[in-house]
Amino acid sequence: MGDKLANILEPLAAWFRSLGVPELIVHWGHPVMMGIVVLLMGSVTAYMGWRSRFATDPEVVSKTRASHTQLAPWVFLFVALGYTGGVLSLVMQNHSLLSSGHFWTGTGALGLMAVSAITPFIGFGGEKKEAYRAFHAYLGAVVAIVFIAHGILGLKLGLSL
């Protein structure tokens, strides 16, 4: 399966290799950019989401919820694009795709983020609104934990290549 995916992506990887992208960027570009997205944007987005749950001032709740709602789609988009870039980077470096825990935690985190992203559309307006909000919040916390493991495995992978 991993070899099939690598074979599908190889023409694109070959094209990027032909551009003469420095090895340093091919090797460490994904982790640096994803570190910015996950650590900065993701942390602020998570903070705003949790702050809106615990704040007692209605104005603070409204502002932090709005910030969370505005930032979260961008975080998801950049994580999805970064996931794609990370997979392509592995293909460019001739590394097996499915043999890495980093690949699997990235796949899991992206999948969990997708579930979390659709939760507001399913139930935030219904009669079980608070249950859906709680599910969304705790699933987001699980995503954060998965991203911590993902970063550790990614650093291990990056140092081994």
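Some notes on this structure:
- Qualifying residue in the range 54-62 (condition: crowded, with 17+ Cβ neighbours inside 10 Å, without any contact (Cβ under 8 Å) to a residue 24 or more places away in the chain, more than 25 Å from L9 (Cα to Cα) and among the polar types (S, T, N, Q)): no
- Checklist (1) over 19 Å from V142 (Cβ atoms); (2) under 11 Å from the mean Cα position of the chain (by Cα); (3) open to solvent by 70 Å² or more (accessible area, probe 1.4 Å); (4) not β-branched (V, I, T) applied to L39, failing item: (1)
- Listed by first and then second residue, the pairs with beta-carbon distance under 7 Å, at least 6 apart or on different chains, first residue in the range 76-98 and without any contact (Cβ under 8 Å) to a residue 12 or more places away in the chain, second assigned to a helix (DSSP H, G or I) and surrounded by fewer than 17 Cβ atoms within 10 Å (Cβ to Cβ), form an empty list.
- Filtered residues of the range 2-36 (kept if among the hydrophobic types (A, V, I, L, M, F, W, C), open to solvent by 70 Å² or more (accessible area, probe 1.4 Å) and part of a helix (DSSP H, G or I)): I8, L12, W15, L24, I25, W28, V32, M33, I36
- Conditions (1) at pLDDT below 95; (2) exposed (fewer than 13 other Cβ atoms within 10 Å of the Cβ); (3) of a type in the set (A, V, I, L, M); (4) closer than 30 Å to H27 by Cβ: number failed by L77: (1)
- Of the residues making up the range 63-74, those that are among the small types (G, A, S) and surrounded by 13 or more Cβ atoms within 10 Å (Cβ to Cβ) are S67, A72.
- Among the residues making up the range 102-161, a single one is of a type in the set (V, I, T), more than 30 Å from L24 (Cα to Cα) and open to solvent by less than 40 Å² (accessible area, probe 1.4 Å): T119.
- Some residue of the range 104-114 being more than 30 Å from L9 (Cα to Cα) and either modelled with pLDDT of 95 or more or assigned to a helix (DSSP H, G or I) (or both): no
The values are calculated or read from the model by the stated rules, or taken from the named source; none is laboratory data. No experiment lies behind these values; they were computed from the predicted model shown. Neighbour counts run over all protein chains shown; Cβ positions are idealised from the backbone, glycine included. Please note that ligands, DNA and RNA were not included when accessible areas were found on the heavy atoms of the full protein model with its side chains. Shrake-Rupley method; radii C 1.70, N 1.55, O 1.52, S 1.80 Å.
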